[in-house]
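The values are calculated or read from the model by the stated rules, or taken from the named source; none is laboratory data. Here the structure is a predicted model, which is why all the values come from computation and not from measurement. When we count neighbours, we look across all protein chains shown, and the Cβ atoms used for this are built from the backbone with ideal geometry, even at glycine.
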């Protein structure tokens, strides 16, 4: 990589990690697909939900970058994508200011949604900001004690899918719950491959992820299971006359399974970053298949 000037625009772009925005976009797409199926899709609140999701994802990336570096988790033997603070691209003081600015901007953008929904969305938005910090910050960083997968299920599944739908439709249905769980499970594969790749470094750093606790074989099996469960849950849509929403996501199973086979063969090292990219692609395809199925 070419030299990155400290605190430059390029440094901030790298710290924001735009490739991770897939995980923020997919649940909003699915929530919009559900609203469209109920003939209540509204483009302006849908766009605001997407913008809020993007800002929260960037905020979480900056927070993780800052606190993982402070805790010494971003060591010289890091296998994942390079982090801004660890590489010296962004100073700690600048990163703190960036986190504050991004958090405030996300809250301001989210507050516009009050024009379309009630005050009950305020605590939901505040919870999103709070848990973005609690994930790696504080005396009990949740990611360091194996809570990451539950948080992905909630904050990359149930909440963004459910409240994207709720803001437009002012209700919550079983289809919303199923879609939220399916989205969260599919997205959790991204955390699974991260933790699978970093299992040795996490063990040395005292980070007790599920894969560190259960071991390598269980970790690879869990990666396979969360993807399969995501697709299987979608079959429930057949019972609510959304046949395409039930069938199209099953195509994702082939991609997920072949990616899992490749992950097991690679097993360890930086080569697993290739699987990270494929997993992100698979999640996007899953989200698009489910969204298209709901629209059809």
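Which helices (runs of 4 or more DSSP H) does the stretch 78-165 wholly contain that include 3 or more residues that are within 20 Å of the chain's Cα centre (by Cα)?
Correct list: 92-111, 121-134, 148-153.
For residue 99, indicate whether it is closer than 24 Å to residue 25 by Cβ and either out of contact with any helix residue (DSSP H, G or I) (no Cβ under 8 Å at 6 or more places or on another chain) or surrounded by fewer than 18 Cβ atoms within 10 Å (Cβ to Cβ) (or both).
No, not satisfied.
Looking only at the stretch 48-62, decide whether some residue is on the phi > 0 side of the Ramachandran plot and free of Cβ contacts under 8 Å to residues at least 40 places away in the same chain.
no
Name the one entry in 233, 224, 228 that is within 16 Å of residue 184 (Cα to Cα), out of contact with any strand residue (DSSP E or B) (no Cβ under 7 Å at 6 or more places or on another chain), in contact (Cβ under 8 Å) with a residue 40 or more places away in the chain and surrounded by 15 or more Cβ atoms within 10 Å (Cβ to Cβ).
Being within 16 Å of residue 184 (Cα to Cα), out of contact with any strand residue (DSSP E or B) (no Cβ under 7 Å at 6 or more places or on another chain), in contact (Cβ under 8 Å) with a residue 40 or more places away in the chain and surrounded by 15 or more Cβ atoms within 10 Å (Cβ to Cβ) holds for just one of 233, 224, 228, which is 233.
Please determine, by comparing only the residues of the stretch 201-215 that are modelled with pLDDT under 90 and assigned to a helix (DSSP H, G or I), which one is nearest to the chain's Cα centre (by Cα).
Only one residue fits best here, namely 202.
Given the criterion surrounded by 23 or more Cβ atoms within 10 Å (Cβ to Cβ) and assigned to a helix (DSSP H, G or I), identify the matching residue among 189, 218.
189
So which pairs qualify, if the first residue must be in the stretch 255-272 and in contact (Cβ under 8 Å) with a residue 40 or more places away in the chain and at positive phi, the second must be surrounded by 12 or more Cβ atoms within 10 Å (Cβ to Cβ) and not in a helix (DSSP H, G or I), the Cβ gap must be under 8 Å, and the two must be at least 6 apart or on different chains?
Listed pairs, sorted by first residue: 269/79.
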